[in-house]
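Structure, as structure tokens:
The values are calculated or read from the model by the stated rules, or taken from the named source; none is laboratory data. Since the model is a prediction, treat every value here as computed from it, not as a measurement. Glycine gets a Cβ as well: all are built from the backbone with ideal geometry, and neighbour counts include every protein chain shown. Side chains included, ligands, DNA and RNA excluded: accessible areas come from the protein's heavy atoms. Shrake-Rupley method; radii C 1.70, N 1.55, O 1.52, S 1.80 Å.
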Amino acid sequence: MKKVLLSVSDLVVRIGGQTLVRDISFDLHKGDILALIGPNGSGKTTVLKALLGLLPSSGQIAWKEKVSIGYVPQRFAFDATFPLTVSELLSLRLKEARFWVHTKKSHQLALDALRSVGAERLAHKRIGALSGGELQRVLLAYALISDPKVLFLDEPVAGIDIEGEETFYNLVKRLSAEKGLTIILVSHDLNIVYKYAAEVMCLNRKMFCFGSPREVLTPEALRETYGEEISGFKHGH
Amino acid sequence: MIVVGAVIGLTAAMLGVFVILRKLSYFPDALAHAALAGIALGLLLHINVVAGAAVFGLVMALGVAYLERRKILGLDTIIVIFFSTALALAVIIAEFLRVSEDDLMGYLFGDISKITDETFILSILVGLLAILIFIFKFKIWTKISFHEDLAAVEGIKVARENYIFMFLLALFVAVSLRVVGTILIGPLLVIPAATANNFRLGFKWMFLLGVLFSLAAVIFGILFSGIFEISVGPAVVLIAAAFFGFSLFFKR
């Protein structure tokens, strides 16, 4: 049995008098990939941000050991004039590198991180000139360069074509196996969840299911989570 | 005078890069108008006008940062409300005091000949303070400019850092008012950094070029204002704008 890394009980996020999510309780094991699913506005990103400490919450979020965290945020519109190059951005996270001094070592570390996500050719590109898919890879490299133990991915492939999506998750799965990463990701593609996630949480303002996808993603659980719109999904799958 | 100009130019370039990255280009203008109210109040109460300007600027920075965090309104809207209120206050106090037009023009467009020893020393101290803080905060502020949540996950106290940045900006605006003038401080912060970014050479170069353009604009601006007997502020901004126009040809 794998060790429990994160134990969450009765998590509630309330902002401006409104309850965004409630009744979230689960244990996450070391090395697992957990997927949060649910319709738009169901609170997936909210839960992720609460776990990251970016939103105020009540209840318990207990990490069983001190962990370093990498985070790839939801795709955001990036200003095309943003001046940093990819390697400048990555060097910001290297403790041993001073920004103004371009050492061989820091350059190598940045290149290694980019290579691990298949993006070494982007090193000298400006961030503002990257395409959506390229930016996601660079953000993943930015998360990985500090050697995290836990990775949070918030719909990292939204807006990327299906092949790009597959490639991205294959990459994530390989990295998770190689480095023993524990991963929490938000997705609304159930195929991805079946294929890659060890655990899944169905969410719509509160938790409707938690467990292994093949066990807990029953038609009832999906209907509860998504309403009627998706009840035909299982038949088509 | 050139020394003060150089310190102001250097500080403006460093702060200006972050003003642009954070999309705060309106903010220095707003601070300058708050500072104008501070100056008017300083004249009314017979205290140092730079101190008055600094205090008013700080209060406004605090107010803007606070409301922005509460996410009640967009930053642009908050800034307009503060800045027009401050300007209205400044004008009414000035009318009440019967401040001469000449004095007022000096504060609006800069008059380096009227700079006092006190202001001279203050400018240099604030400049040095800004450079020092800057060296320590450079990586942190760059990370925040890139993505606030990513910075926060790394353990950076984003709100605190934003306050420090705005405070520094407010101090800078207050001490450079005498030289550049209220109306032209915003452009001095924004134009050299924007010019440097047009070359699209990455962040380090944006910085170095920004400092270069800013220093050149301020120093030549002061020299030309002496030679042609024109105000410093407009001379500085015209030179900076000329560099900007020139940089457009290099834009890739």
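If you check B:Ile124, B:Ile79, B:Ile72, B:Ile135, which single one turns out to be modelled with pLDDT under 90, of a type outside the set (S, T, N, Q) and more than 30 Å from A:Phe76 (Cα to Cα)? Spell out how you get there, then give the answer.
Details: B:Ile79 fails: more than 30 Å from A:Phe76 (Cα to Cα); B:Ile72 fails: more than 30 Å from A:Phe76 (Cα to Cα); B:Ile135 fails: more than 30 Å from A:Phe76 (Cα to Cα).
Selected residue: B:Ile124, the only one of B:Ile124, B:Ile79, B:Ile72, B:Ile135 that is modelled with pLDDT under 90, of a type outside the set (S, T, N, Q) and more than 30 Å from A:Phe76 (Cα to Cα).
Would you call B:Val91 aliphatic (A, V, I, L, M), surrounded by 13 or more Cβ atoms within 10 Å (Cβ to Cβ), more than 22 Å from the chain's Cα centre (by Cα) and more than 14 Å from chain A (Cβ to nearest Cβ)?
No; evaluated as a whole, the condition is false for this residue.
Which of the residues belonging to the stretch B:133-177 are in contact with a Gly (Cβ under 8 Å, 6 or more places away or on another chain) and either within 14 Å of chain A (Cβ to nearest Cβ) or open to solvent by 30 Å² or more (accessible area, probe 1.4 Å) (or both)?
Scanning the stretch B:133-177 gives B:Ala152, B:Val153, B:Leu171.
List pairs: first residue in the stretch A:91-106 and within 9 Å of chain B (Cβ to nearest Cβ) and surrounded by 11 or more Cβ atoms within 10 Å (Cβ to Cβ), second residue modelled with pLDDT of 80 or more and not in a helix (DSSP H, G or I) anywhere in the structure, Cβ distance under 6 angstrom, at least six positions apart or on different chains.
What qualifies is A:Arg93/A:Ile145; A:Arg93/A:Ser146.
Provide a single number: the residues in the stretch A:30-61 that are part of a helix (DSSP H, G or I) and within 14 Å of chain B (Cβ to nearest Cβ).
Residues flagged as part of a helix (DSSP H, G or I) and within 14 Å of chain B (Cβ to nearest Cβ) within the stretch A:30-61 amount to 7.
Identify all residues within the stretch A:1-26 that are open to solvent by 50 Å² or more (accessible area, probe 1.4 Å) and within 17 Å of A:Lys44 (Cα to Cα); write none if there are none.
Passing the criteria: A:Asp10, A:Arg14, A:Ile15, A:Gln18, A:Thr19, A:Arg22, A:Asp23.
For the stretch B:180-198: of the residues being assigned to a helix (DSSP H, G or I) and open to solvent by 20 Å² or more (accessible area, probe 1.4 Å), which is nearest to B:Ala241 (Cα to Cα)?
Residue satisfying both the conditions and the ranking: B:Ile191.
So A:Glu65 clears everything in (1) of a type in the set (Asp, Glu); (2) assigned to a loop (DSSP other than H, G, I, E, B); (3) open to solvent by less than 50 Å² (accessible area, probe 1.4 Å) except one condition, right? Which one?
The one condition A:Glu65 does not meet is (3).
With the stretch A:160-226 as the region, which helices (runs of 4 or more DSSP H) entirely inside it contain at least 3 residues that are buried (at least 16 other Cβ atoms within 10 Å of the Cβ)?
Output list reads A:162-179, A:190-196, A:219-226.
Within the stretch A:68-89, can you find the residues that are more than 9 Å from every other protein chain (Cβ to nearest Cβ) and open to solvent by 20 Å² or more (accessible area, probe 1.4 Å)?
Within the stretch A:68-89, A:Ser68, A:Gln74, A:Arg75, A:Ala77, A:Phe78, A:Ala80 qualify.
Within the stretch B:1-114, which helices (runs of 4 or more DSSP H) (wholly inside it) include 1 or more residues that are over 30 Å from B:Phe243 (Cβ atoms) and in contact with a His (Cβ under 8 Å, 6 or more places away or on another chain)?
Numbers: elements: B:2-21, B:27-45, B:49-70, B:75-97, B:101-109.
It comes to B:75-97.
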